[in-house]
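Structure first, commentary second.
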Amino acid sequence: MDPLFCNIFYISLTYYLIKFIINIIYGLNMSDKNIIEIFEKTNALLNGHFLLTSGKHSNQYFQCAQVLQYPEYTEQICEDISEYFKDFEIDTVISPAIGGIVVGLEVARQLKKKFIFAERQDGKMTLRRGFKFEKGEKVLVCEDVVTTGGSVFEVIDLVKEAGAELVGVGIIVDRSNGKVKFGVPQTSTLQMEVITYEKDECPLCKQGLEAIKPGSRNIQA
Ligand SMILES: [Zn+2]
């Protein structure tokens, strides 16, 4: 074999091998770190001492809508979902209103697919505004945040009731830390466990720090 070719071959091989190893070691963490940085920068993720609506306390508060204010970040954080589903056969992306709409629309835009949304009417998830599924239509469900997956499961019921085909589920933040399973291929940009404390057991209260109700003024990130 031509020695020059041999050299180029081995140099390329070494390069790709090193790149592969670096990706394995740093790849996932780096991307998670970037995502968290974006969430913190946009105040979507607040660190402190919070009183949640459940009455429990937490050292973090997450409000996805804060990051979705910025289309350039929305584009960036939806890319993981689009990338994951790019080779799947999809006709339509659907999201539960309201939080999921921005995410579903952006994923649909990146995948160049149709986008519709489901919304609650008298508490029940429904397709309105003339939206409907065809039989066998291939559907991807997108949502901003999943904790128990309630809204996504309701949208999945709509897909199945109409005889359409559920292809997968794409989420920005999986707060169940991977525990909620939809029974189809699913991906999340970030998995994050909610750490909550009962008021009496809260270590932050024990430090004498005051718990703030998120949404109230003067929240410090
Ligand atoms: Zn507390």
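Considering only segment 64-127, give the strands (runs of 3 or more DSSP E) lying wholly within it that have at least 2 residues that are in contact (Cβ under 8 Å) with a residue 60 or more places away in the chain. Even if it seems obvious, please write down each step before you answer.
Working: elements: 92-96, 114-121, 124-126.
Correct list: 92-96.
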Inset, instruction - Would you please list the contacts, defined by Cβ atoms under 6 Å and residues six or more apart or on different chains, that run from a residue in segment 182-209 that is in contact (Cβ under 8 Å) with a residue 40 or more places away in the chain and more than 12 Å from residue 170 (Cα to Cα) to a residue that is more than 9 Å from the ligand (Cβ to nearest atom) and not in a strand (DSSP E or B)? - result: 192/175; 194/175
Legend entry - Residue within segment 75-86 that is out of contact with any Ser or Thr (no Cβ under 8 Å at 6 or more places or on another chain), within 28 Å of residue 214 (Cβ to Cβ), surrounded by fewer than 16 Cβ atoms within 10 Å (Cβ to Cβ) and at pLDDT below 95 present: no
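For the structure I just gave you, tell me whether residue 130 is touching a residue at least 24 places away in the same chain (Cβ under 8 Å) and assigned to a loop (DSSP other than H, G, I, E, B). Working first, answer last.
Values: touching a residue at least 24 places away in the same chain (Cβ under 8 Å): no; assigned to a loop (DSSP other than H, G, I, E, B): yes.
No, not satisfied.
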Inset, instruction - Would you tally the residues in segment 148-166 being in contact with an Asp or Glu (Cβ under 9 Å, 6 or more places away or on another chain) and under 30 Å from residue 33 (Cβ atoms)? - result: 3
Inset, instruction - Determine whether segment 73-85 contains at least one residue that is touching a Pro at 6+ places or on another chain (Cβ under 7 Å) and under 18 Å from residue 146 (Cβ atoms). - result: no
Inset, instruction - Within segment 50-59, identify whether any single residue is modelled with pLDDT under 95, surrounded by fewer than 18 Cβ atoms within 10 Å (Cβ to Cβ) and part of a strand (DSSP E or B), and answer yes or no. - result: yes
Inset, instruction - Give the number of residues within segment 183-209 that are modelled with pLDDT of 95 or more, away from the ligand (no atom under 16 Å from the Cβ) and over 18 Å from residue 82 (Cβ atoms). - result: 1
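Okay, residues lined up against (1) touching an Asp or Glu at 6+ places or on another chain (Cβ under 7 Å); (2) within 23 Å of residue 59 (Cα to Cα); (3) of a type in the set (D, E, K, R):
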site	(1), (2), (3)
104	no, no, no
126	yes, no, no
131	no, no, no
203	no, yes, no
Inset, instruction - Filter segment 57-74 down to residues that are in contact with a Ser or Thr (Cβ under 7 Å, 6 or more places away or on another chain) and of a type in the set (Ser, Thr, Tyr), then give me how many there are. - result: 3
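Provide a single number: the residues in segment 39-49 that are away from the ligand (no atom under 16 Å from the Cβ) and buried (at least 19 other Cβ atoms within 10 Å of the Cβ). Walk me through how you get there before you give the answer.
Kept after step one, since they are away from the ligand (no atom under 16 Å from the Cβ), are these residues of segment 39-49: 39-45.
So of that shortlist, the ones also buried (at least 19 other Cβ atoms within 10 Å of the Cβ) come out as 39, 44-45.
Count: 3.
Do the conditions hold for residue 58, that is, is it within 16 Å of the ligand (Cβ to nearest atom) and not aliphatic (A, V, I, L, M)? Steps first, please.
Numbers: within 16 Å of the ligand (Cβ to nearest atom): yes; not aliphatic (A, V, I, L, M): yes.
So residue 58 passes the test.
The values are calculated or read from the model by the stated rules, or taken from the named source; none is laboratory data. Note that the coordinates shown come from a computational prediction; the quantities given were computed from them, not determined experimentally. Ideal geometry is used to build each Cβ from the backbone, glycine not excepted, and the neighbour counts take in all protein chains shown.
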